[in-house]
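Here the structure comes first, spelled out in structure tokens, and everything after it is commentary.
The values are calculated or read from the model by the stated rules, or taken from the named source; none is laboratory data. Keep in mind the model is a prediction, meaning the values are calculated, not measured. Note that we place each Cβ from the backbone using ideal geometry, even for glycine, and neighbour counts take in every protein chain shown.
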Amino acid sequence: MIAIRKITTLVDDVFHEAGQADGKPQRRVVVMATVQNPFAGRHEKDLAPLIELGGPIGRDMAARLIECFGNDRNRIESYGKGALVGTAGAVEHGFALITRPFAKEVRSALGNAPAWMASNVKRSALGGRLDVPMAYKVALYVRSHYDTIEVSIPDAPLPDEVVICLAGADRGRLHARIGGLEMREVTGPDIYCDRE
């Protein structure tokens, strides 16, 4: 099992945009797991062990995410994922940890969440910043739920670590008005379902 050094949770409640409220506040949450990278400092052709480690990490992080929404998984409408890889690791290590096993566990925990999960991975020194993208968990093309939340941990990632991020929000952006498919119009699964 991979060693987890720390879990950090960011809760961001948005009450108004440009001075105007828009119904209930938007809650955005990012759970960040700072984990040891067993492949730091060396090239490893087979990343399957790292990929499989993503499953249990995703399960635990999803449970923590749901807690931040009053233990009601149905409140979470959008999601996204990402990773910051320490300087001794490779970007591919971050992608390995958040690919299919990770995403499958998150989808299972959240219930009706078939849509492709937006993601972002980059290499970083301590305190690096990552923009974690989010989209509607049922259908990717619902534009009101396109969103990004920036995260950073002052003492992570160390060179041999990866910070794994899981984000969720309980509604779309305040005052979303760029048109396109709306939540109420989604009648079936998105064409980009259950891929990652």
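A few remarks follow.
- In the stretch 61-79, residue surrounded by the most Cβ atoms within 10 Å (Cβ to Cβ) [restricted to those that are part of a helix (DSSP H, G or I) and out of contact with any strand residue (DSSP E or B) (no Cβ under 6 Å at 6 or more places or on another chain)]: 62
- Residue count for the stretch 143-165 satisfying the condition of being crowded, with 22+ Cβ neighbours inside 10 Å, part of a strand (DSSP E or B) and in contact with a Gly (Cβ under 7 Å, 6 or more places away or on another chain): 3.
- Exactly one residue out of 82, 58, 54, 89 is part of a loop (DSSP other than H, G, I, E, B) and at pLDDT 95 or above: that is 89.
- Checked against the criterion of being modelled with pLDDT of 95 or more, among the basic types (Lys, Arg) and surrounded by 19 or more Cβ atoms within 10 Å (Cβ to Cβ), the candidates 107, 129, 100 yield just one match: 107.
- Some residue of the stretch 6-14 being surrounded by fewer than 19 Cβ atoms within 10 Å (Cβ to Cβ) and modelled with pLDDT under 95: no
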